[in-house]
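First the structure, in the form of structure tokens, and then the observations on it.
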Amino acid sequence: MTNEAKLMSMEEAVRKFVTDGAVIYLGGWAHLYPYSIVFELIRQKKRDLTLVKHSPELMADMLIGAGCVRKLLFGWVGNAGIGSCHAFRRAVEKGIPRSVEIEEYTHFSLGARLKAGAMGIPFLPTKSLIGSDLVKYNQVAMIMTCPFTRENVCVVPAINPDVGLIHVQKADAQGNAQVWGVIGDTKDGAFASNKLVLSAEQIVPTEEIRRDPNRTVVPSFKVSAVVEQPWGAHPSYAQGYYDRDNDFYVDYDKWTREPEGFERFLTEWIYSGTDNSDYLKKLGADRMQRLKPRPFMSSSVNFGLYG
């Protein structure tokens, strides 16, 4: 695939690679959540999605409230600053706007499923579920006896999502993507996914990527689509670009306590525009400026060249 074929608009990337009924991995770990891609899923009214994410916070809540989700593999849906999300609770407790099937994990055990998928092995063992009721109610986790220690361990099967959605700080047009700060399960989720849609704060020349190769978390051969999307992780944060918008989280909690408020949120923030540029206009230049961090540069590294 040529560089030009991978570099595309958000609308085209989602339309081309995310189908109704797909199993979706959502990247990020409190940091670099792919919100702008999630907004496009909602705008395109994708349906019957299965979401895979240890803590999908507002992303899952928005998708569930918009009627996009059939099933959720997760650890917790909420945010430390606001608690449990309201659209998620309405769907699980009352079937509003539709019932959502849930499959619960610890963060580590769901990460182990992605790790196994990335490694190309059928399962991985973990002790993180033992002693909890999660094994009892989880549909796939099993207890087995370790053949070496004879101790009980929990095993979870590999998962290979149909498509992964991730946001990164830098990428080139081929999809070589760089992340710094909190990486979390982004690498494992990307490698486990059969296809990968990647949005980036900046698209930079390949030469710039090659000058700092250790920060390249995802290589181009794993990437299906590349989208340049500044502020694509808002309201979460992108290290070095903008801070977490805690006020947005608090406001979202207030806006979405009732179904009518949630619908107003969708109309005003997502459906009112055709892409993320309209979302950022509503966010406003003053607010965006307040979220920009002061520079705190790391030292340069001499990788050297022979010959």
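Read the figures in this text as sums done on the coordinates, not as results from a lab. Everything numeric here is computed off the predicted structure, so don't read it as measured data. In this analysis, Cβ positions are derived from the backbone assuming ideal geometry, glycine residues included, and neighbour counts consider all displayed protein chains.
Which residue, P56, P147, P122, tops the fluctuation ranking in a GNM of the chain built on C-alpha contacts under 10 Å?
Looking only at P56, P147, P122, the largest GNM fluctuation is found for P147.
Within a 10 angstrom radius of the beta carbon, how do T149, T206, T50 rank from fewest other beta carbons to most?
The fewest-first ordering by Cβ neighbours comes to T149, T206, T50.
I need the peptides 34-42, 106-114 ranked by packing, meaning the mean over residues of other C-beta atoms within 10 angstrom, with the highest value on top.
Those peptides, ordered most packed to least, come out 34-42, 106-114.
Report the one residue of I37, P295, P56 whose Cα lies farthest in the direction of the positive end of the charge dipole of the chain (charges on C-beta: Lys and Arg +1, Asp and Glu -1; origin at the Cα centre).
So the residue we want is P56.
Over the alpha carbons of the chain, what is the largest minus smallest coordinate on each principal axis, giving the biggest first in Å?
Reported extents, whole Å, longest axis first: 59, 54, 36.
Using the basic label-point model (7 angstrom from Cα toward the beta carbon), what is the E208 to V140 distance in nanometres?
My value for the distance between the label points is 3.8 nm.
Order these by the 10 Å Cβ neighbour count, fewest first: M142, M297.
Final ranking by Cβ density, sparse to dense: M297, M142.
Which of the lysines could be linked to K187 by a straight reach, that is with a Cα gap under 17 Å, when you skip same-chain ones fewer than 8 residues away?
Excluding near neighbours in sequence, the set is K53, K115, K170, K195, K222.
Could you list the square roots of 5 times each eigenvalue of the Cα gyration tensor of region 57-127, that is, the equivalent ellipsoid semi-axes, sorted largest first and rounded to whole Å?
Gyration-tensor ellipsoid for region 57-127: 26, 14, 10 Å.
Which value, in debye to the nearest 20, gives the size of the charge dipole of the chain about its Cα centre, when Lys and Arg are +1 and Asp and Glu are -1 at the Cβ?
Using only the charged Cβ atoms, the result is roughly 400 debye.
List D212, D162, D286 from most exposed to least, where exposure is judged by having the fewest other Cβ atoms within 10 Å.
D286, D212, D162
Note down the magnitude of the dipole of region 201-288 about its Cα centre, charges +1 on Lys and Arg C-beta and -1 on Asp and Glu C-beta and zero elsewhere, to the nearest 20 debye.
320 debye
Averaging sequence separations of C-alpha pairs under 8 Å and six or more residues apart, then dividing by the length of region 131-178, give the relative contact order as a whole percent.
This gives 21 percent for region 131-178.
Excluding P219 itself, what net charge comes from residues whose Cβ is under 13 Å from its Cβ, given Lys and Arg +1 and Asp and Glu -1?
+4
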